[in-house]
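Written out below as structure tokens is the structure these notes cover.
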Amino acid sequence: MHVLIVEDDATARVHLTKALTDAGYRVDAAGDGIEGLHRASSTAFDVVIVDRMLPKLDGLALIQSLRATGRKTPVLILSALGEVDDRITGLRAGGDDYLTKPYHLAELLARIDALARRGDASTSESVAKSRLADLELDRMTRRVTRGGRKIELTAREFQLLDYLMQHSGQVVTRTMLLEGVWDYHFDPQTNVIDVHISRLRQAIDKGFDKALLHTVRGAGYSLREEE
């Protein structure tokens, strides 16, 4: 099971990461709301654990932004705010469960497992497939079609399209692509992105009436259907 922890307290984050790892989970962690949202919206996690009070983007705003992208990943909110109104606010923001700090690890593990089971049926199809207009990407079969026509892509082009599909309607920067597709945490000062974007644009847009892959001058790229 793959779990994301979004917690700004470094000590709490390290302890929780170790506890979940020892319990057999694969764990990623983020220290602020912006990083947490980026990770949660670009990777298919089984459960996301979100601290309510986060820097840069608070936990509730993170969840609302994640839901706005169409992600249905189960979210467990951790918070020192334990009043009934606080829990209701968290659940209405898109959280699936709410656990008040301090908590017992055994209860946390039980809630994670329950959320993962609940999410299996509801998220499997949405995680497996993405669709924009008449463009469809199937992660299970690694098949891409547009208007029913099969589109042949290299492994890197498929990965690039997958990332853009997960961020459809948003402006994706070069930095985001370098980190999310090439796993570079620095700019290698090459035209690798330009080359692959050009090839991908030829593959998915050439021969169709409407372009879906757009260059946003000075900002990056956006996969979207223009009216």
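The values are calculated or read from the model by the stated rules, or taken from the named source; none is laboratory data. The structure presented is a predicted model; accordingly, all values stated were derived computationally and were not measured. Backbone-built Cβ (ideal geometry, glycine too); neighbour counts: all protein chains shown. Note: areas computed on protein heavy atoms with side chains; ligands, DNA, RNA excluded. Shrake-Rupley method; radii C 1.70, N 1.55, O 1.52, S 1.80 Å.
When shorter helices are ignored and each DSSP H run of at least 4 residues is given -39500 (n - 2.57), the per-residue value for the chain at 222 nm works out to -13500 deg cm²/dmol.
Give me the number: length gained by fully extending THR100 to LYS150, i.e. 0.36 nm times residue separation minus the C-alpha to C-alpha distance, one decimal in nm. Separation in residues times 0.36 nm, less the Cα-Cα distance, equals 13.1 nm. Each principal axis of the Cα atoms in segment 159-209 has its own extent, and those three values, largest first, are 36, 21, 16 angstrom. Accessible area per residue for segment 125-223 is 56 Å², calculated with a 1.4 Å probe on protein heavy atoms, without ligands, DNA or RNA. Both numbers refer to the Cα atoms of segment 1-72; Rg and Dmax are 11.4, 33 Å. Each Cα pair under 8 Å and six or more residues apart adds its sequence gap; the mean of these over the residue count of segment 2-120 is a relative contact order of 23 percent.
Projected onto their three principal axes, the Cα atoms of segment 2-120 cover extents of 32, 32, 29 Å, largest first.
Label sites at THR11 and ARG67, each approximated as a point 7 angstrom past Cα along Cα to Cβ, lie 3.3 nm apart. As I understand it, the value is the acute angle between the Cα axis of helix 33-42 and the longest principal axis of the Cα atoms of the chain; what does it come to in degrees, rounded to 10? Once rounded, one gets 50 degrees. Spacing of the modelled spin labels on ALA80 and ASP194, each 7 Å from Cα toward Cβ, amounts to 5.1 nm. Which whole-number percent of Cα pairs in the chain have a distance greater than 23 Å? Percent of Cα pairs beyond 23 Å in the chain: 51. Can you pull the percent of the chain's accessible area that's carbon plus sulfur, 1.4 Å probe, other chains left in place? Whole-percent figure for carbon plus sulfur exposure: 49. Note on ALA23/GLU179: beta-carbon distance plugged into 1/(1 + (r/R0)^6) with R0 of 41 Å gives a FRET efficiency of 0.90.
For segment 1-41, the Kirkwood hydrodynamic radius comes to 10.2 Å, computed from all pairs of different C-alpha atoms.
Taking only the alpha carbons of segment 125-223, we obtain Rg and Dmax values of 13.0, 38 Å in that order. The stretch between THR215 and ILE88, if pulled fully straight at 0.36 nm per residue, gains 41.6 nm over its current Cα-Cα span.
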